[in-house]
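J.: Please find one structure pasted underneath; my questions will follow.
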Ligand SMILES: [Zn+2]
């Protein structure tokens, strides 16, 4: 391994790592059965006792936990730490219902920071780097999470948060920022604003890396950003229920390392809840092995991905998850076929005449679903003749139909005409909801 924050843990032999996970799981289950009324009731309802956990795979005997469990017990009904042990709260935005509250003990914050220290070291960051944290600071976990992780490895943090993009670009230049952490759509926005200011991210800044997440993005989008901005772009994963952003890819860019001593990963069929094998795509389920304030056993994240159990080329033994394909609830069902917005992005990004921004509009005519993809063409393609645009449109329609197996209509629009997002991009308008 080239460089690691904690080589002893990160390259621990797989069998030892699994023994450690089993020991932590067993301790967690006994603790919650004894001290958490919520978990004790859940285990009794599903007829499972801590003594039934005799090997790591027995985690599958335990009941799932879902987001509504947190909402139903708002604000702190599932907490297992007393109020005076808590040192911080984060609160989710609650866009689809009641917000969820996550509490942290000092030990929880320490594990979160350690997780990111390992992750940021694995992408090659360290002392001497200047990290611009352009995730939101506040109740959202992104800003503060990255902030403490980057400080821990000795990097210098510029806590810009989201917004005021022109100033972000000025600071990026003046403070010689080497890495930025933000959503992929916000980095695209920064690139566009920089261009208008006459600043080339590639030639006029020291930026060499993006740590990008909080929304799904495609491999094609990565290639494009890496080429146009002259950076290496790394995927980061986490949700507030786990602590916040915790895990990233390493420099191999072959999946996100999930630190096995902190989290036990499973992939299940979103419909049946059955466990799937490595390489099979399904819903990501986490058991957080060392959390004190808000323990999570078999938490269903709603994120779709697959697991790779093999030792990584970087030497790290901890399992990896693939780039997310979307969310269980983002999945669109168009005439009975499952469609993820990320598939659309993947197709569009592979066509050179397309810009980075698109919208999917789903509607219903009579009893049939319709799907319209509006996409901005690139500036170069837009200045070409109309006949060329007609040909490009036909190409896009063909590419989308052959990948999605769905009848799609395409509308090419002028560069800059679709809405831009500073946080998570909202790329789907579903008009079928009556
Ligand atoms: Zn690796």
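The values are calculated or read from the model by the stated rules, or taken from the named source; none is laboratory data. None of the values given here were measured: they were computed from a predicted structure. Don't worry about glycine lacking a Cβ; one is built from the backbone with ideal geometry, like all the others, and counts go over all protein chains shown.
J.: Only one of these conditions is not met by residue 351: (1) assigned to a loop (DSSP other than H, G, I, E, B); (2) buried (at least 19 other Cβ atoms within 10 Å of the Cβ); (3) in the same structural domain as residue 422 (by TED's automatic domain parsing). Which number is it?
T.: Tallying (1) assigned to a loop (DSSP other than H, G, I, E, B); (2) buried (at least 19 other Cβ atoms within 10 Å of the Cβ); (3) in the same structural domain as residue 422 (by TED's automatic domain parsing), residue 351 fails exactly one: (2).
J.: Is the range 362-379 home to any residue that is assigned to a helix (DSSP H, G or I) and either more than 26 Å from residue 284 (Cβ to Cβ) or at pLDDT 85 or above (or both)?
T.: yes
J.: Could you check residue 237 against (1) within 16 Å of the ligand (Cβ to nearest atom); (2) at pLDDT below 95 and say which number it fails?
T.: Just one mismatch for residue 237, condition (2).
J.: State which residue is farthest from residue 142 (Cα to Cα) when the search covers only the range 254-271 and only residues that are assigned to a loop (DSSP other than H, G, I, E, B), more than 15 Å from the ligand (Cβ to nearest atom) and in contact with a strand residue (DSSP E or B) (Cβ under 8 Å, 6 or more places away or on another chain).
T.: Looking at residues that are assigned to a loop (DSSP other than H, G, I, E, B), more than 15 Å from the ligand (Cβ to nearest atom) and in contact with a strand residue (DSSP E or B) (Cβ under 8 Å, 6 or more places away or on another chain), I get 269.
J.: Right, residue 245: part of a loop (DSSP other than H, G, I, E, B), touching a strand residue (DSSP E or B) at 6+ places or on another chain (Cβ under 6 Å) and in contact (Cβ under 8 Å) with a residue 12 or more places away in the chain or not?
T.: no
J.: Kindly establish whether residue 211 is within 16 Å of the ligand (Cβ to nearest atom), touching a strand residue (DSSP E or B) at 6+ places or on another chain (Cβ under 6 Å) and modelled with pLDDT of 95 or more.
T.: yes
J.: Does residue 57 satisfy the condition of being exposed (fewer than 13 other Cβ atoms within 10 Å of the Cβ) and in the same structural domain as residue 263 (by TED's automatic domain parsing)?
T.: Yes; evaluated as a whole, the condition is true for this residue.
J.: Continuing with this model, one more query. If I ask for residues that are modelled with pLDDT of 95 or more and assigned to a strand (DSSP E or B), which ones from the range 302-337 would you list?
T.: Across the range 302-337, the qualifying residues are 307, 308, 320, 321.
J.: Can you pull out the residues in the range 132-149 that are touching a residue at least 24 places away in the same chain (Cβ under 8 Å) and not in a loop (DSSP other than H, G, I, E, B)? Quick ask: steps written out before the conclusion?
T.: If we filter the range 132-149 for residues that are touching a residue at least 24 places away in the same chain (Cβ under 8 Å), which is where we start, we get 132-137, 139-142, 144-146, 148-149.
Correct list: 132, 133, 141, 142, 144, 145, 146, 148, 149.
J.: If you don't mind, another one. Any residue at all in the range 109-119 that's without any contact (Cβ under 8 Å) to a residue 24 or more places away in the chain, away from the ligand (no atom under 16 Å from the Cβ) and within 30 Å of residue 7 (Cα to Cα)?
T.: The answer is yes; a qualifying residue exists.
J.: Moving on to the next point. Residues that are within 27 Å of residue 285 (Cβ to Cβ), surrounded by 15 or more Cβ atoms within 10 Å (Cβ to Cβ) and out of contact with any strand residue (DSSP E or B) (no Cβ under 9 Å at 6 or more places or on another chain): does the range 327-338 have at least one?
T.: no
J.: For the range 276-301, give me each residue that is farther than 18 Å from residue 264 by Cβ and either modelled with pLDDT of 95 or more or surrounded by 21 or more Cβ atoms within 10 Å (Cβ to Cβ) (or both).
T.: If the condition is that a residue be farther than 18 Å from residue 264 by Cβ and either modelled with pLDDT of 95 or more or surrounded by 21 or more Cβ atoms within 10 Å (Cβ to Cβ) (or both), then 293 is the only one that fits.
J.: Look at the range 354-369 and say how many of its residues are crowded, with 18+ Cβ neighbours inside 10 Å and either touching a helix residue (DSSP H, G or I) at 6+ places or on another chain (Cβ under 6 Å) or over 14 Å from residue 412 (Cβ atoms) (or both). Spell out how you get there, then give the answer.
T.: Narrowing the range 354-369 to residues crowded, with 18+ Cβ neighbours inside 10 Å: 354-360, 362, 369.
Applying the additional criterion that residues be either touching a helix residue (DSSP H, G or I) at 6+ places or on another chain (Cβ under 6 Å) or over 14 Å from residue 412 (Cβ atoms) (or both) yields 354, 356, 358, 360, 362, 369.
Adding up the residues that qualify gives 6.
J.: For the range 134-151, give me the residue count where each residue is over 16 Å from the mean Cα position of the chain (by Cα) and buried (at least 24 other Cβ atoms within 10 Å of the Cβ).
T.: Residues in the range 134-151 being over 16 Å from the mean Cα position of the chain (by Cα) and buried (at least 24 other Cβ atoms within 10 Å of the Cβ): 2 in total.
J.: Further, regarding this structure: Any residue that is modelled with pLDDT under 95, on the phi < 0 side of the Ramachandran plot and within 18 Å of the chain's Cα centre (by Cα) - is there at least one of those in the range 104-126?
T.: No, there is no match, as no residue in the range 104-126 is modelled with pLDDT under 95, on the phi < 0 side of the Ramachandran plot and within 18 Å of the chain's Cα centre (by Cα).
Matching residues to (1) within 12 Å of the chain's Cα centre (by Cα); (2) more than 16 Å from the ligand (Cβ to nearest atom); (3) closer than 26 Å to residue 105 by Cα:
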site: 220; (1), (2), (3): no, yes, no
site: 244; (1), (2), (3): yes, yes, yes
site: 252; (1), (2), (3): no, no, no
site: 273; (1), (2), (3): no, yes, no
site: 284; (1), (2), (3): yes, yes, yes
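J.: If you go through the range 304-314 one residue at a time, do you hit one that is over 28 Å from residue 4 (Cβ atoms), touching a strand residue (DSSP E or B) at 6+ places or on another chain (Cβ under 6 Å), assigned by TED's automatic domain parsing to the domain that holds residue 7 and away from the ligand (no atom under 15 Å from the Cβ)?
T.: Within the range 304-314, one or more residues are over 28 Å from residue 4 (Cβ atoms), touching a strand residue (DSSP E or B) at 6+ places or on another chain (Cβ under 6 Å), assigned by TED's automatic domain parsing to the domain that holds residue 7 and away from the ligand (no atom under 15 Å from the Cβ).
J.: Quickly run through the range 77-95 and pick out the residues that are touching a residue at least 40 places away in the same chain (Cβ under 8 Å) and in a loop (DSSP other than H, G, I, E, B).
T.: Selection gives 78, 79, 80, 81, 92, 93.
J.: Report whether or not residue 365 is closer than 30 Å to residue 135 by Cβ and free of Cβ contacts under 8 Å to residues at least 40 places away in the same chain.
T.: Working: closer than 30 Å to residue 135 by Cβ: no; free of Cβ contacts under 8 Å to residues at least 40 places away in the same chain: yes.
Spelling it out, it is not the case that residue 365 is closer than 30 Å to residue 135 by Cβ and free of Cβ contacts under 8 Å to residues at least 40 places away in the same chain.
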